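Taken together, the values in this text are just the output of simple stated rules run on the coordinates, not laboratory data. Just so it is clear, the model here is predicted, and its values are computed rather than measured. Don't worry about glycine lacking a Cβ; one is built from the backbone with ideal geometry, like all the others, and counts go over all protein chains shown.
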Amino acid sequence: MQDNIVAKLRDGFPYGLFMSWDTDHSGKITKDEFERAVAEMGLPSKPSICHRLFDFFDKTGDGELDYQELYRHLVDTPAHKADAVMKKINKAKK
């Protein structure tokens with residue numbers, strides 16, 4: 001089974017890290033920036049998994065994540081629910 005990206009992203013998620021992912025300095029991260037960030041963290045994941053996970057976090061549906069939006073999901077997802085999130089992401093249609 002795929003490593004639990006949600007749990008690993010949540011661990012020690014500082015604002016400076018988010019800003020380093022924001023390569024265009026827009027104050028938000030796009031799917032491409034998110035995918036690069038996951039890879040840079042050494043978390044194994046297919047692009048399709050990253051995109052579905054991004055869509056799960058992007059509750060506003062605007063195609064971008066600001067710090068508060070992403071942080072809220074990472075912090076508010078306890079470890080026992082992170083596994084359920086990843087199972088849902090892995091089962092989602094590609």
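Mark the label point 7 Å from the Cα of Leu17 along Cα→Cβ and return the residues of region 34-48 whose backbone N is within less than 11 Å of it.
The answer is 38, 41-42.
Say a paramagnetic label sat at a point 7 Å from the Cα of Lys87, along Cα to Cβ; which residues of region 28-53 have their backbone N under 20 Å from it?
49-50, 52-53
In nm, give the distance between the simple-model label positions of Ser26 and Asp62, each being 7 Å from the Cα along the Cα-to-Cβ direction.
Result: 1.0 nm between the two label points.
Between beta-carbons, use under 13 Å as the cut-off and find the net charge around Thr60, counting Lys and Arg +1, Asp and Glu -1.
The answer is -3.
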